[in-house]
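In what follows, a structure is listed as C-alpha cells, so that the remarks can point back to it.
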Amino acid sequence: MASDLDTIEETPAQRRKRRTIKLVMNLVFAATAYALVVLGARLLHRRIVYQPPEGAPAEVPEGATLLTARAADGVPVNALEFASPKAARTIVHFHGNAETAEDNASLARDFRRRGFSVVLAEYRGYGRSKGAPPTEEGLYLDAAAILDALAARGVGPERVVLWGQSLGTGVATEMAKRGRGSRLVLVAPFTSTYELGRRVVPILPMSYVMVDRFDTIEKAPSIGLPTLVVHGNIDDVIPMEFGKRVSEAFPHATFLEVPEGRHDNLYKNASVVSAIANHASAP
C-alpha cells in the first residue's frame, strides 16, 4: 500500500516556491562565479599588461653603450645609449610590450644618423632590468631614473624628445606630464588600459580589474607639448580609433594615419620615420 506521502501532490504555491528557490540558488552561483572571475582578473591583470620576453640579451648592440641608474625605490635600471656628440636633441624611447630595448637598436642607429642621440629605455622585468616585476608606478620610476641620469650630464628637458610605442606611450605621456621633455611622440597609443580591456572583454568591470591604468586620455589635456600621434589604419591590437581620441585630447597634437599600417610594421614606412624625425627636430 502506498504511503500517504506518495499520494500528496505538489500544490501550485509549493511549485512556485521550489522554482523560486532554484532560481535564486542559480543566481547566487552565477554571481559567485562572476565575482571570482573578476577577482582573478584583477589579481592576474599584470600578466596580461606586461609580457616581457624570456631571457636577457647577451651583448650590448653595436654602437650602443649601457646606461645604468637606480630608481627611487632602489631597483637597478638600464638603457641603451646611442650617442651623437653634436646632437642638439636626445630622443628617449619607451618600447612596447613583448619586446626589449635591444629590439629597437636598428631604429636608434637610424635616428643617430639623422643627428640625434637616442636612449632606449628599459623597464624593470624586461631585458637586463630584472630587479623587480613590472608595475605602472615601477615603470614611471624607471623612466624618471633614466631621465635623471641624463639631466645630471646636462641633457635636461629642453633637449629631450619623449617617444613612446604602444605600452611605452603610457610611460612617455606620464613623463611629459611631469615636464621631462620638450616634444612628445606617441606611436600606436591607447586611451587607457581599462578602456582597451573593456573593448576586449566587455563583460568585466575593467575600471576595477585594471589597477595599472596608464590613463593617457585623462592626462592629455594638461600636456602642452607639441605632440605627434602616429597610428596604423589596420592596427588589430590597438585600433586606430584609440589613437584618434588620444590626438584629439592633446592641446597641440598632429595625427598621422598610416595606410596599411599594422601594430608592428609602422617603422618600415619611410614617411613615418621622416615624420617623427621632422617633429623631433622642429624648433
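Read-outs throughout are calculated quantities, based only on the coordinates presented, and are distinct from any laboratory measurement. Everything quoted here is computed from the prediction, not taken from an experiment. Glycine gets a Cβ as well: all are built from the backbone with ideal geometry, and neighbour counts include every protein chain shown.
Descriptive notes on the structure:
- Per-residue [θ]222 nm for the chain (sum of -39500 (n - 2.57) over DSSP H runs n ≥ 4, rounded to 500): -12500 deg cm²/dmol
- Each other residue within a Cβ distance under 11 Å of D264 adds +1 if Lys or Arg and -1 if Asp or Glu, for a net charge of -2.
- The translational diffusion coefficient of the stretch 121-254, from Stokes-Einstein at 37 °C and 0.692 mPa s with a Kirkwood hydrodynamic radius over alpha carbon pairs, comes to 215 µm²/s.
- Measuring spread by the Cα atoms of the stretch 78-165 yields a radius of gyration and Dmax of 12.5, 37 Å.
- Here the simple spin-label model places points 7 Å from the Cα toward Cβ, and for D73 and T254 these points are separated by 3.8 nm.
- Relative contact order (percent, whole number), the stretch 59-110, Cα cutoff 8 Å, 6+ residue spacing: 32
- Per-residue packing, averaged as other Cβ atoms within 10 Å, sorts the ranges 245-255, 134-144 into the order 134-144, 245-255, beginning with the highest.
- Span per principal axis, largest first, for the Cα atoms of the chain (Å): 106, 38, 31
- Relative frequency of Cα-Cα separations exceeding 17 Å in the stretch 200-266, percent: 52
- Each Lys or Arg adds one and each Asp or Glu subtracts one; over the other residues with Cβ under 12 Å from the Cβ of L147, this totals +1.
- Pairs beyond 31 Å (Cα-Cα), from K86/K130; K130/K219; K244/K268: K86/K130
- Normalised by the number of residues in the stretch 61-281, the average gap of Cα pairs under 8 Å and 6 or more apart makes the relative contact order 16 percent.
- Net charge over other residues, Cβ less than 10 angstrom from the Cβ of T193 (K, R count +1; D, E count -1): -2
- For the peptides 102-110, 199-207, the ranking by packing is 102-110, 199-207, with the highest mean count of neighbouring Cβ atoms within 10 Å listed first.
- The phi-based Karplus calculation (6.51 cos²θ - 1.76 cosθ + 1.60; θ = phi - 60°) puts the 3J(HN,Hα) values of the stretch 195-203 at 5, 5, x, 5, 5, 6, 10, x, 7 Hz, whole numbers, x for Gly and Pro.
- Each label was represented as a point 7 Å from its Cα along the Cα-to-Cβ direction; for A56 and D103 these points are 1.9 nm apart.
- Chain lengthening between E218 and A13 when straightened (0.36 nm per residue, less Cα-Cα): 68.3 nm
- FRET efficiency, 1/(1 + (r/R0)^6) with R0 41 Å, evaluated for E158 and K130 via beta carbons: 0.80
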